[in-house]
Each structure stands twice: as structure tokens, then as C-alpha cells.
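The values are calculated or read from the model by the stated rules, or taken from the named source; none is laboratory data. If you're wondering where the values come from, they're calculated on a predicted model, not measured in any experiment. Positions of Cβ are backbone-derived with ideal geometry, glycine not excepted, and every protein chain shown enters the neighbour counts. Note: accessible area is taken over every heavy atom of the protein model, side chains too, but ligands, DNA and RNA are not part of it. Shrake-Rupley method; radii C 1.70, N 1.55, O 1.52, S 1.80 Å.
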Amino acid sequence: MNHWLIVPIALPALLAPFIVLAMRHDLLLQRVFSLAGTIALLAVAIALTAQAATGPAQLYELGNWQAPFGIVLVLDRLSALMVLLTSLLAVVVAIYAVTSEWDTRGRHFHALFQFQLMGINGAFLTGDVFNLFVFFEVLLIASYGLMLHGGGAARMKAGVQYVVVNLAGSTLFLIAVGTIYGVTGTLNMADLAVKVPLVPAGDQAILRVGGLLLLVVFAVKAALVPIHFWLPGTYANAPAPVAALFAVMTKVGAYSILRFFTLVFGEDAGDSAWLAADWLLPAALVTLIVGSVGVLGAKELARLVCFSVVASMGTLLTAIALFTPAATVAALFYLIHSTFATAALFLLADQISERRGGAGGRLTTAPRFAQTGLLAAMFFLAAIAMAGMPPMTGFLGKLMILDSARDANSMATIWTIILVTSLISIVGFARAGSVVFWKSASLPEPKQVASARPALPIAAAGMMLAAMIGLALFASPVTAYLETAAAELYSPNGYIQTVLGPKAVAEQY
């Protein structure tokens, strides 16, 4: 077994309690170990991605217990990509939290941050539905603490709503897991892929109920209408680096939908094949509309970014809902782009709000502030990227999604909604930018507001913009990688064989 496969989970899992127990009174040491651990995690993620790109899926059996009875981790191109994306985002967020001193506004930021990384990476690597639930709970518990970091009545209120919604989701998750286990006798995803087609006709209804309940749970994580309402208030009130890290949290839901409903309820699932498709597409399109209208009507920068997250998830899930290799390639490309763009916008919104004095993040005119020109240029780049305008990666991602939908029955609806909502988002971001930068330029610039501020937090946001530019420059090799990852998803024999052995595939086919 390749023991490096467990490092993305084990490293933050060991580092978090070490930070709490050994250095809870020394912030400098916490920062050093947290940053060093996150950078090491990125190095491991790069190495694992390189391995996944050049070979078949890899299996790690905890305790050397064989699947489907033991806990397994599976590394393929998709899971490696998600771990790499999380690690890259984590490095930038950690740098921002330290340089902006957000980590001084509450206790145990770095320990909670590491536990959050453990849960996210575990969700991407696990090959078992029940352990997906376990890692969901780990990342959610850590996110509760991070959400409340720094205190405040508004943050506490939003945190309670976040907790209640996700506890309800966790309850549904357990019910769904129990239902599926009762029908199939297994929760290993590869084993489910083998056994779901064999479920008797009399049990198909129960199986579908379990699958649709899981879709609802994943939809909660992905902020899909009508259970998206928790996201704007939660993310808008979260500390800026936490909101930026949460950019990958909604992607956990999207990843789970893509993984589970291509592997377990894919083409070979018999009567339950493509169970999620008919439900997911209309919900995704409505999510896109709601998010775009929210961008147009937002009165604060943070809420504008939050609604743009809802819209981006609608776009992403629209592509996923088509359940074709071409659409999945487009979805994965857009997933990478939207993660970078969302993180950049949250960090920039925080820097702008910190410099606007009493106006904060409200979309109202206020005196000019320090580094107005630089922040205006960066906000412009991030905004056109999120709205999907050329030459940024959002334009490439949406173009790929539109192209992949050409053969779909609902092509006209998809094209119309994506194009119209893109225009609405452009208008919403233009309105916000004109108020914050252009209309405010005519007002006097108070000396106390124009005082120098640290440049490193802005540099951290710039890293996300640079990542989007790099994604555009290397779009061809990235797309080639994604094409192979999508091919693996829609031809799961290799995944099943890695987990269960060649005999399982032979018995199925």
C-alpha cells in the first residue's frame, strides 16, 4: 500500500491536537506549525496528483482490512484533484489569516483550521458512504468553531442557523445510509456499484428513497435551491479567511453528487440508473437564477459574493446534472475556477471593508481609502472571472458547459438561463464596483483612512487571481487531465477492480 495516501488526513489530524496541547499559549508557534503543516500538505497533494495522473486508482486499507468490510481510502484522478485544490486554497487562507491577524480575534483558529482540512480531505478520499458521513461531521464540527471565531451577535445568529440546517442534514444522512444498507447489505461505494443492479424489483423503491435522501443531503452541502437559504447569511458573517476556505465546502457536496451518482447509480444501476438526473437539473437552474438575482439586489459586498457563490453552484450543478463525460469535464474545470474566484472575492471584500471606515462593506459611497487603485483592479478581475467574461477562466468554463449541453434535450433552456444570468451578474458586479470605487472617488480622502496598511493580505488575494490566470494559461493540459478523470467516472471498472479486485468486476459483467 502507498502510505502517502493517508497523509492528507493524518497530517492535519495529528497537527491540530498538537497545536492545542503544546502551543495553545504561543500564537507564533501556532502560526509556524500551521503554515508549515499546510505547505507540507500541499507538497504531498502535488505528489499524489502526479501519481494519480500516471497510473490506475490506488487503494489504502486501514488496518489491512480488505474491502468491503474494512475502511478504505481511494485515490484516483478526481479525488487527487480535489485534495490538491483544497491544499492550495488552504495555504492561501492560512497566509491571509496570519498576515491580516484574523487568527488573533479568537481562540484555537489554527487547530480548528487543521481539523477542517482533515474532514475535507477525508471526504474526498474515502471509498465508503458511512465514512463519508463521519468526515462530513468532522468538517462541520470544525466549521462551527471557525464560523464563530471572533464572536459577535450577528455571527452567533448565523452560526446557530448553520448548525441547525446541517444537523438536519446529518440526520437525513443517517436515515439514507441505514435505508441503503438495509437493501444492499453494504456501504462501500465500489461494492454498492456491484450490488445495486442486483437489488430485486420489490426493493427498488426503498433503494431509490435512500438514494434521493442522499441527494438531498449533498444538495444541502452544495447550497442547492430550495435548501440554499443558509449560505448567504452564514458566509457573509463568517471571518474572511473562513469564508474563503468555505469556497471548497460547497464543492464537497458537488463532488459527492458526482462520485456517488456516477459510481453507484450510473449507467449500470439497472432500474435506478441516473437516479439524480431528473431532479438535479431543474433545481440547479433555479439555483442559478436565484443566485444571480441575489447578486443584483445585494446591499453589501460580502452578501454579493455569497449570492455569486449560490449562482456558481447552480452553474456547476447544471453541468453535473447532464451526466455526460463532456459535461463533467466542463463542470470540473468550472469547479476549479469558481473555487479560486470565490476565495479571491471574499478576501478582497474583507480588505475593502477594512479600509472604508464606517461604511464597511455596505454598497454606499464613502471616502477613498488606501490602495484604492490596486484593490479596484483586483476586484475588477475577480468580478469578471466570477461573472464569466473573457479573458478569465469563468468565460472558458461557461463556454465549455454550453458546448457540452448542445445535445441535451433541454439545451435551449440551459443556454438561455446561463447567458441571461451571466448578464445579470455582470450588471450586479458593475453596480457594486461603481459605488465602491467610481462614485466614491469624488469624495475627499481623510488622512486617517488613507494610512498605510499591510500589503501581504492583498498579496494572498492576488495568489488566487494568479491561480486563475495560471489555469487559463495551462487550460489545455488541465483539460486533458480532466478528460481522463471524467472517463474514469463513467467507466468505473477500474475503480471497482482497485477496491474489490478483478473477481468483483468479472461477476458484475
(Q) Within the stretch 19-30, take every residue that is open to solvent by less than 50 Å² (accessible area, probe 1.4 Å) and of a type outside the set (Val, Ile, Thr) and give me the one that is farthest from Val7 (Cα to Cα). (A) Met23
Q) Are any residues in the stretch 1-18 over 16 Å from His108 (Cα atoms), open to solvent by 80 Å² or more (accessible area, probe 1.4 Å) and hydrophobic (A, V, I, L, M, F, W, C), and if so, which ones? A) Met1, Trp4
Q. Which of (1) outside any loop (DSSP other than H, G, I, E, B); (2) small (Gly, Ala, Ser); (3) more than 22 Å from the chain's Cα centre (by Cα) does Ala383 not meet, given it meets every other one?
A. (3)
Q. Hey, does the stretch 349-367 have a residue that's under 21 Å from the mean Cα position of the chain (by Cα), in contact (Cβ under 8 Å) with a residue 40 or more places away in the chain, closer than 27 Å to Leu89 by Cβ and surrounded by 23 or more Cβ atoms within 10 Å (Cβ to Cβ)?
A. yes
Q: Could you tell me whether any residue of the stretch 63-75 is of a type in the set (S, T, N, Q), open to solvent by less than 50 Å² (accessible area, probe 1.4 Å) and not in a helix (DSSP H, G or I)?
A: no
Q.
Given the criterion more than 30 Å from Leu198 (Cα to Cα), open to solvent by less than 20 Å² (accessible area, probe 1.4 Å) and out of contact with any strand residue (DSSP E or B) (no Cβ under 9 Å at 6 or more places or on another chain), identify the matching residue among Ala276, Ala311, Ala327, Ala321.
A. Ala311
Q: Being out of contact with any Ser or Thr (no Cβ under 7 Å at 6 or more places or on another chain), under 13 Å from Val217 (Cβ atoms) and among the aliphatic types (A, V, I, L, M) is the filter here, so list the residues in the stretch 124-146 that pass it.
A: Val129, Leu140
Q.
Among the residues of the stretch 122-135, are any assigned to a helix (DSSP H, G or I), free of Cβ contacts under 8 Å to residues at least 40 places away in the same chain, open to solvent by less than 10 Å² (accessible area, probe 1.4 Å) and touching a Phe, Trp or Tyr at 6+ places or on another chain (Cβ under 7 Å)?
A. no
Q.
Pairs please, first residue from the stretch 407-422 and free of Cβ contacts under 8 Å to residues at least 12 places away in the same chain, second anywhere and among the small types (Gly, Ala, Ser), Cβ atoms under 7 Å, 6+ apart in sequence or on different chains.
A. Met411/Ala405
Q | Per-region count, the stretch 88-114, residues assigned to a helix (DSSP H, G or I) and buried (at least 23 other Cβ atoms within 10 Å of the Cβ) | A | 16
Q) Taking the stretch 371-410 as the search range and keeping residues that are over 17 Å from Pro457 (Cβ atoms) and of a type in the set (Ser, Thr, Tyr), which one is surrounded by the fewest Cβ atoms within 10 Å (Cβ to Cβ)? A) Ser410
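Here is a list: Gly150, Gly159, Gly145. Which entry is outside any helix (DSSP H, G or I) and within 30 Å of Gly233 (Cβ to Cβ)?
So the residue among Gly150, Gly159, Gly145 that is outside any helix (DSSP H, G or I) and within 30 Å of Gly233 (Cβ to Cβ) is Gly150.
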Q. Looking at Leu258, Leu288, which is the one that is farther than 16 Å from Ser308 by Cβ and open to solvent by less than 10 Å² (accessible area, probe 1.4 Å)?
A. Leu258
Q. For the subset of the stretch 411-442 comprising residues that are surrounded by 22 or more Cβ atoms within 10 Å (Cβ to Cβ) and hydroxyl-bearing (Ser, Thr, Tyr), which member is farthest from Leu381 (Cα to Cα)?
A. Thr421
(Q) Being open to solvent by less than 30 Å² (accessible area, probe 1.4 Å), assigned to a helix (DSSP H, G or I) and either at pLDDT 90 or above or under 28 Å from Leu482 (Cα atoms) (or both): is that true of Leu85 here? (A) yes
Q | Test result for Thr413, β-branched (Val, Ile, Thr) and over 14 Å from Ser292 (Cβ atoms) | A | yes
